[in-house]
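Following: one structure in structure tokens, then a few remarks.
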Amino acid sequence: MRSSTAPGGVEHAVRVDLDDLVCQVPEGPDRDAFSKEMDDFYRLFSRYLHEKKHSKPLDWEKVRGPKPEDVIAYGDLEAKQLKDIKPLLNKLAVLKLNGGLGTTMGCVGPKSAIEVRDSQTFLDLTVQQIEYLNQVSDADVPLILMNSFNTDEDTKKIVQKYSAHNVNICTFNQSRYPRFKADSNLPLAQSPDNRPGFWYPPGHGDLYESFANSGLLEQLIKDGKEW
């Protein structure tokens, strides 16, 4: 473990620790993906240190909502038949965040696996909604699930029961970032192994980066998806 008081300061010390973690992964695609995650983490961590030192409090007096003329009321939208907008629906993909565990709600595993009505889970209801949309419109709207390292394995088992449904389900993982010590700002992890308490999924803000890194975004664009 490098000291955060060493020459180059905490940013250099963190970079050295992250590089040490990367070097422990065998060469190949897994190392490349892990190295990309550590680079992304380092960029965000450096930004955090910079903003902690230089940022100014947000002036809420300057924050304004949209103008009334910029917001169209739902009741003012022109009604359309679903079959008439099939070309538009074929450009659509639905993405759901699926990285959270349901431990605080008495569930072991992904929060989406909690039964909420008539023995049906959150995920069951989501699949039914999109399947219905595909059936009545004759469109192909896929369901994308962003898992975390906490939910990925269980989710891949759960979605197998939807194989006969009229909905294409794809999954990808959000990033896995190292926790760091509050006193030294250095990573807790000394190994890339997924030990409990040493790593965390960085939350909703990681969606765009992880989606792009997964390769799934590129594939959806090739398939004609735009929204």
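The values are calculated or read from the model by the stated rules, or taken from the named source; none is laboratory data. None of these values were measured; they are calculated from a predicted model. Here the Cβ positions follow ideal geometry from the backbone for every residue, glycine too, while neighbour counts run over all protein chains shown. Each accessible area value is taken on the protein alone, full model and side chains, heavy atoms only, with ligands, DNA and RNA left out. Shrake-Rupley method; radii C 1.70, N 1.55, O 1.52, S 1.80 Å.
The table below lists the values:
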item	result
Separation in nanometres of the label points that stand 7 Å from Cα toward Cβ, at Gln190 and Asp19	2.1
Diffusion coefficient, µm² s⁻¹, Stokes-Einstein with Kirkwood Rh over alpha-carbon pairs of the range 133-227 at 20 °C and 1.002 mPa s	137
On Cα atoms only, tilt of 29-54 relative to the major axis of the chain in degrees	70
The range 1-100: translational diffusion in µm²/s, Stokes-Einstein, Kirkwood Rh over Cα pairs, 20 °C, 1.002 mPa s	110
The chain, relative contact order in percent, only Cα pairs under 8 angstrom and at least six apart counted	21
Heavy-atom accessible surface of the chain: percent carbon and sulfur, 1.4 Å	52
DSSP bridge pairs, the chain: antiparallel proportion in percent, nearest 5	40
Among beta bridges that DSSP assigns inside the range 92-227, antiparallel share in %, nearest 5	40
Residues listed by number, the range 139-162, amide nitrogen under 15 Å from Lys83 label point at 7 Å toward C-beta	139
Computed helical MRE - 222 nm, the chain, DSSP H runs ≥ 4 contributing -39500 (n - 2.57), nearest 500	-11500 deg cm²/dmol
Nearest 10 degrees, 0 to 90: helix 122-137 Cα axis against the chain principal axis	40
Per residue solvent-accessible surface (Å²) - the chain, probe of 1.4 Å	65
Using alpha carbons only: equivalent-ellipsoid semi-axes of the range 37-159, gyration tensor based, whole Å	33, 28, 16
Rounded to 10°, Cα long-axis angle of helix 9-23 versus longest principal axis of the chain	70
Scaled radius of gyration (Cα, divided by 2.2 N^0.38 Å) that the range 27-82 gives	2.20
For the range 38-124: relative contact order, % (alpha-carbon pairs under 8 angstrom, 6 or more apart)	10
Contour minus Cα-Cα distance for Val94 and Phe149 (0.36 nm per residue)	17.7 nm
DSSP-assigned coil residues among GluC sites (Glu not before Pro) in the range 21-71, each with at most 13 further Cβ atoms within 10 Å	Glu27
The range 189-227 and the range 148-183: distance between their alpha carbon centers, rounded to Å	10
For the range 186-192, Karplus couplings with θ = phi - 60° (6.51, -1.76, 1.60), whole Hz, Gly/Pro x	9, x, 6, 5, 10, 9, x
